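To keep things clear, I will list the structure first and then write my remarks on it.
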Amino acid sequence: MIIKKIGQFLKKYAFYVAIGVVSVGALAAIFLVPGRDGNVKEEPNPYAKNEEAVGRVVDDITDDTSDVVGQYEEPGSEVPQGNTASQDAAPQENSTGAEQVKDEQIVAETFESTTANAKAEPFFAEGDTFVWPVSGQVIVPYTDESTKHWFSEALNQTMRTFGICIAATEGEEVKAVADGKVIDILDDSSTMDSGIPYVGKTVIIDHGNGYKSLYGFQNGSPDKNLLGKVVRAGEVIGTAGSPTGAFIQQGENIYLQAMHNEAVVDPLKLLDYKQEASSTGAEGVDMGHTPDDAQ
């Protein structure tokens, strides 16, 4: 009976029921659905909380990194191992102190090493000249296989000199003729396989570019502490002494031989004749050429 009555009611009033339902739905939509401003007014930035959290994390990392850099800059402190992430995150302006000290050390080391390399590799260029090892005159001329021989009164025979003898006084300082490295110091020149006459104690300097100079100290005293070191032109390499061998009757002197690419050359062609102590040859000695020819 009840269902039948409900059916009759809906059949009679269905239109009005439908209108009522629609009206109630419209009212609910007006009051329950938020407007344009809606919840935005209550929370203006839905990401504000996240941004605030990220800001706090960045501030914490910056503070920690600044503390680590400050420890590095303290005198006498040791750099901690590890924690490289904090070091990488440190602001650049906070680490300038330690970096400047490190850069200054690098510059100093680079300068020293550059200077050492430049000094260790001398180079005698074509057209360069030798300075005179001592201030005397040439008393024994240069002779080789292509020139006439020289007569040694001490040996009572003719011989090839392959170098020159320059007058010196005992104890006089002997100087390097050019920049170079001292590659050998011998007590006895007879151990050399170079065909030079016996000149006693011997010093050999490599000037680079194939040029070498050989000094016969005879009974003089070369500075053995220079072995393996680079010397400059005019630097003292020993002192002259009494003569010996084939040159014993020539008086105190220093023997000088020049070589280029292992072949002997006339030292007079390399010695600087503009120096005050020029060589003109002792009276009675056949030099075979004049200083003008050597130029």
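Computed from the coordinates by the stated procedures, all read-outs in this text should not be read as laboratory data. The structure presented is a predicted model; accordingly, all values stated were derived computationally and were not measured. Note that each Cβ is placed from the backbone with ideal geometry, even for glycine, and that neighbours are counted across all protein chains shown.
Key figures
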| item | result |
| --- | --- |
| Of K148/K229; K229/K269; K148/K181, pairs whose Cα-Cα distance is over 28 Å | K148/K229; K148/K181 |
| Gain in span if fully extended, K269 to D188, counting 0.36 nm per residue against the direct Cα distance | 26.5 nm |
| Additional length obtainable on full extension of the chain from L27 to T147, 0.36 nm per residue less Cα span | 29.9 nm |
| Sum of side-chain charges, K5 neighbourhood, beta-carbon under 13 Å (Lys, Arg +1; Asp, Glu -1) | +3 |
| Least to most buried among F217, F9, F130 (fewest other Cβ within 10 Å first) | F9, F130, F217 |
